[in-house]
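The structure appears right after this line, and notes come after that.
The values are calculated or read from the model by the stated rules, or taken from the named source; none is laboratory data. Note that the coordinates shown come from a computational prediction; the quantities given were computed from them, not determined experimentally. Cβ placement follows ideal geometry from the backbone for every residue including glycine, while neighbour counts extend to all protein chains displayed.
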Amino acid sequence: MISIRIKGAPLVVALATTTFISTTPAWAEDTEYFSGVEQCPGGRTSTMLERGPDGDRLYRRTYFDNRTQILDVGAEENGVHPIHNGELRLEPLPEGGYRADIKMSWNDAGCEPFDLKPAGTPLEQFAQVIEATKNLAPSAAEMRAMQMAHEALPPYQLLPELDQTKLSRDEADGYSAAWKAFIAARTEHAQNAPLDTDEDRAAFVEFMRDSFDTQLAPRGFALGDPSWSKPFDVALRVAADRLAAAGGDPTELRPEGEALCANLKSIVGYPRLEMLEGMVVLPAKYWNRDISQALIDDVKSCDSNADSWIKMIADNHARLEDTAVARTWLEARIAELAALPQTFETLRETQGLSISQEELQAQSVDRALFDEIDGGRMAKHRQALADALQPQIVAALTERLKDATEDDLLYSSRICEEMIGRQRFREYDSLSRDCGAEAWRLANEIRESRMRANYEAMIAERLEAPLTLEARGQHHWMMTPRNIETGAGVLTAVPDEWAAEAERRLASRQEELIAAVSAEVLAKAGDDTLNSGERRSYCPPANIEGALGKLGQECQAAATAAEQRAELAACQDSPSVRALGRKLGEEMIRLEHQGEVQKAPLGYLACELDKQGIQVSFDKASMFSSSERRISMEFRDNPDAALNATITRGDDKVWTLNSIDNAPAALSRDGLCIAFPMKCGLDLTTRN
C-alpha cells in the first residue's frame, strides 16, 4: 500500500514491511524515541513514539500480521493527544518514559495500557538487537529481553537508506539463529537434564516452567504457530514423561495465577482444544478431574476470554479423561515394543514393530492421536531395529543356507522373506534389499563351493582309479570333465580355470591309462565275437587331438574292419565274391560317398553290390599289368544297363578308382559312387 500523508491531518497509513516510507531520517539531537509492546486482541503490537521539533508520531506494528500504522499525534488537550480514529494518553513514569493508553475503534480497539520506555534511534535499536542475537546459548530471560527488543523495533524503513537492507537482513538472520539455539537447548535439557535427586527434579521443574512460557516464541505466541508449537509439544511431553519416570510430579510444570493468565492472553483467535495442553503446560495423559477443576478455578481469575476456556474445558472433560487413558495405554505399548530384543523373530512377530489397527480401535486411538503421542518414536525404534539387524544378516543367512538344497540356493530370496517377512515400513527397505543381495551372494558362494568340492572329488577319484578297462569306461578315459551335476539333474559348466587345472593334473594319468589298455581296447574293437555296438563302446572319441584321439581312430578302424569281415563272411556264397577269390577279395579299396572315405576289402565291395542286385567282375585290364583291373557291373533288374570302371593299385597295396566309362562331368574321382551305383546319378540305361 502506498503511503499518503496530508500535512496537518492525522492519518492511519497501513504499510506492508516491503513498503518504503518516504522520509529521510534526520534524528535531530532534540528528537526522543520511546518504545514498548502493547497487548491487543489481534496480538502483540510493537509501538514507537517519536517526539521531535516537527511534532510527535506513533509507529505501531502488529506482530501477528506484520501491519504497520503511522499516526500523527496531535497536541495535548486535557491529558489526551488526538490520533486518527482514537486518542493517546501519556502518563510520565518516574524512571523515564510513559505509561501509554491508546484507545481506538474498530479492529484496533481493546488494547491494554503499556509502558513506553526510552529508546535509542532506530539505527541504535537495530544494532542493539543484532548484538544480542550473537549469543547462541541464551537463557529464557535473555530470550525474553531479545524478544521484547525485537518486537519493539521500528519499521526498517526508518533506517538510513544505505543501511536498510543489510541491517534488516542481519537482524532477521540473527534472531532466527538465536531462536533455533534456544529451542535446541530447551529440548536437550528436557531430554538429558539429571533427575536423580529431589534437588535435580526441583531445578528441572523451575527451568522447564520458565522455558514453557507460551509467549516465549519467535512471533510472540507458541500455540498456533506450527514452526514453534511442534518443538514446544515435543519438549513438553519429554519433560513430563521423564519427570514422572523419575518419581516427580509432572503437574508441577503447570503455570498458576498470572502466568496462566498470560498464557491465555498469548493465544490468538478462538480457544481450541488442541491448544489446551500447551496453555496448561501439561500433557493430557496426566490430567484428571482434580486438574480440570483446578484449571477452571484458575481461569476464572483471568479476564482474557475466561468463559470460553471454562466452557471448552467442561465440555471436553470426559474426552480429555478418555484421551488420558488412551495415551497411557499407547505410551506403554510403544515402550513394550521398544523393549523387545532386536532380533529377526521380533521383526516378524510384531510385523516390523507395528501396532495393528484393531488394537488402536479397541483403545479408541485414532490416527491423529497416534501421530501426536508417537511423535516419530516408532519410526526411530524401527530404524534402530533395522540398524541392529543389518550386521546380523550374514550370520543368519549363513546358518539358514548351510544345509540348503540346490532348489533353496536357486531361490535364495525366499529365505529373506522367511527371515524378514513382507514389511510395509520404509525403515526396512534397505534391510530387505541388502538381505536379498547378500542371500544371492552367499547362495552363489555355497553353490560354487559345493561344486568345487564335488569337482575336486571327481578329479581325485579319476587320479586314484586303477588303470583298467573298467576304470576307462567309468572315468571317461580320464578326460577333463567340463560339466558337473549341481542337483535335480542340472548340468553346470565348470569355470575354464578349473578345467585347465584339472587337465594338467589328469594328463599324465590319461597317458598311463592309454598305455595300459590300448592293446586290450584294440582287441575288443576287432573282436569278431562282439556286435558292432559292443566293439565301438570300447573306443575313445576319435575327433579329439592327442594320443587319445589317435587311439580312438585306430579303435574305430579296427571295429569297422571287424564289421566288414563279418559282412564278407556272410557273403561267401555270392557269385561275385566267389569269382574274386579269397586272396584278391581280401585286398583293400578306397571307397568314397558324400565326402566320407573308408577302406574296405574288394570282397566287401562285391558283397555290397550283390546285395543291391548288381553282379560285378574284376578282370585284368592288361595281361602285362596286375595293378590295373576293369570292373564290370551288371544289373539284374535292368539287363540292358551296365557300368564299367577302372581301378588301380597303389604303392600302399590299396586299390583306388581310376575312371568310370562315359561318366558325366559331375561324377569326379573324388566323388566316388562305385559302391553305391544306384545313388550316383548315372543314367544306367545308356551304358552298354
Next on the checklist: I need every pair where a residue in region 334-347 that is within 17 Å of VAL394 (Cβ to Cβ) has its Cβ under 6 Å from the Cβ of a residue that is at pLDDT 90 or above and not small (Gly, Ala, Ser), sequence separation at least 6 or different chains.
Outcome noted: GLN342/LEU385
Next on the checklist: If a residue must be in a loop (DSSP other than H, G, I, E, B) and either under 15 Å from PRO283 (Cβ atoms) or not polar (S, T, N, Q) (or both), how many such residues does region 362-376 contain?
Outcome noted: 4
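Condition check ((1) of a type in the set (A, V, I, L, M); (2) under 31 Å from the mean Cα position of the chain (by Cα)) across all residues:
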position: ILE310; (1), (2): yes, no
position: ASP315; (1), (2): no, no
position: LEU320; (1), (2): yes, no
position: THR323; (1), (2): no, no
position: ALA332; (1), (2): yes, no
position: ALA339; (1), (2): yes, yes
position: PHE344; (1), (2): no, yes
position: ALA368; (1), (2): yes, yes
Item to check | In region 149-172, the residues that are over 49 Å from the mean Cα position of the chain (by Cα) and within 18 Å of THR62 (Cβ to Cβ) | outcome: ALA149, ALA152, LEU153, PRO154, PRO155, TYR156, GLN157, LEU158
Checklist entry - Counting only residues that are in a helix (DSSP H, G or I), surrounded by 14 or more Cβ atoms within 10 Å (Cβ to Cβ) and of a type in the set (S, T, N, Q), how many does region 290-327 have? => result 2
Next on the checklist: Go through (1) in contact (Cβ under 8 Å) with a residue 60 or more places away in the chain; (2) in contact with a Ser or Thr (Cβ under 6 Å, 6 or more places away or on another chain) for PHE425 and report which single condition fails.
Outcome noted: (2)
Checklist entry - Filter region 433-451 for residues that are free of Cβ contacts under 8 Å to residues at least 12 places away in the same chain and of a type in the set (Asp, Glu); which is surrounded by the most Cβ atoms within 10 Å (Cβ to Cβ)? => result GLU448
Checklist entry - Of the residues in region 440-472, how many are in contact with a helix residue (DSSP H, G or I) (Cβ under 8 Å, 6 or more places away or on another chain) and within 19 Å of ALA515 (Cα to Cα)? => result 8
Item to check | Enumerated strands (runs of 3 or more DSSP E) restricted to region 70-183, each holding at least 3 residues that are touching a strand residue (DSSP E or B) at 6+ places or on another chain (Cβ under 7 Å) and within 19 Å of THR31 (Cβ to Cβ) | outcome: 86-92, 114-119
Next on the checklist: Please determine whether any residue of region 406-417 is at pLDDT 85 or above, surrounded by fewer than 19 Cβ atoms within 10 Å (Cβ to Cβ), part of a helix (DSSP H, G or I) and outside the structural domain of GLU520 (by the TED database).
Outcome noted: no
Checklist entry - Do we have THR486 as free of Cβ contacts under 8 Å to residues at least 60 places away in the same chain, of a type in the set (S, T, N, Q) and outside the structural domain of LEU410 (by the TED database) here? => result no
Checklist entry - Which pairs have Cβ atoms under 7 Å, sit 6 or more apart or on different chains, and link a residue in region 558-585 that is within 20 Å of VAL597 (Cα to Cα) and outside any loop (DSSP other than H, G, I, E, B) to one that is modelled with pLDDT of 80 or more and among the basic types (Lys, Arg)? => result ALA559/ARG535; ALA559/ARG536; ALA562/ARG535
Item to check | Matching residues in region 127-141 - criterion: being under 27 Å from THR214 (Cβ atoms) and surrounded by 13 or more Cβ atoms within 10 Å (Cβ to Cβ) | outcome: GLN128, VAL129, ILE130, ALA132, THR133, ASN135, LEU136, PRO138, SER139, ALA140
Item to check | Boolean, ALA471 is out of contact with any Gly (no Cβ under 8 Å at 6 or more places or on another chain), surrounded by 13 or more Cβ atoms within 10 Å (Cβ to Cβ) and more than 18 Å from LEU409 (Cα to Cα) | outcome: yes
Checklist entry - Could you count how many residues in region 341-361 are hydroxyl-bearing (Ser, Thr, Tyr) and assigned to a helix (DSSP H, G or I)? => result 1
